[in-house]
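Below: the structure, in structure tokens.
Values quoted throughout were computed directly from the atomic coordinates according to the rules given, and no laboratory measurement underlies them. Bear in mind that the values here come from a model prediction, so they are computed numbers and not experimental data. For neighbour counting, all protein chains shown are included, and Cβ atoms are generated from backbone atoms with ideal geometry for every residue, glycine included.
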């Protein structure tokens with residue numbers, strides 16, 4: 001499971017989601033058991049690429065096991081950096097996308113570049129009022 005922050009209409013919320021929702025990793029003899037597995041309750045299909053069953057390398061499985069011990073929840077922290085796209089969550093600019101131009105850690109604030117009425121404006125707001133634009137922490141940016 002992953003825990004991370006997501007933007008909602010009400011502001012910033014912490015959500016917990018499956019790392020790979022809807023997937024089960026299994027080791028099996030494909031030729032001998034693929035028909036049995038495909039007929040199991042809850043199994044919709046075996047992931048294939050070009051008609052060939054997908055194989056996840058042992059090194060990837062070991063890295064996942066090392067990262068997640070005893071079914072713990074992995075906490076994903078968001079990092080706001082200069083140049084990253086963020087969504088404003090609170091205040092007059094709520095819902096607007098902006099680009100971070102400066103991070104002010106001492107004041108827990110950021111400066112963002114907003115486009116308003118066809119003009120660009122730099123505005124300083126609380127860091128807690130913005131969130132990087134990602135749909136899921138493991139999704140490509």
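Quick look at the numbers
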quantity: Mean separation of Cα contacts under 8 Å, 6 or more apart, over the residue count of the chain: relative contact order %; calculated: 22 percent
quantity: Spin-label pair residue 12/residue 111, simplified geometry with 7 Å Cα→Cβ offset, distance in nm; calculated: 2.1 nm
quantity: Options (1) 107; (2) 98; (3) 182 - which one matches volume of the Cα convex hull per residue in Å³ as calculated here; calculated: (3)
quantity: CD proxy at 222 nm, helix term only [per DSSP H run n ≥ 4: -39500 (n - 2.57); per residue of the chain; nearest 500]; calculated: -4000 deg cm²/dmol
quantity: Ranking of 47, 88 by count of other Cβ atoms within 10 Å, fewest first; calculated: 47, 88
quantity: Full-extension gain in nm, residue 69 to residue 90, via 0.36 nm per residue minus C-alpha separation; calculated: 4.0 nm
quantity: Cβ-Cβ FRET estimate between residue 99 and residue 46, R0 fixed at 35 Å, reported to 0.05; calculated: 0.25
quantity: Folded to 0 to 90 degrees: helix 58-67 orientation relative to the chain principal axis, Cα; calculated: 50 degrees
quantity: Full-extension gain in nm, residue 59 to residue 1, via 0.36 nm per residue minus C-alpha separation; calculated: 18.9 nm
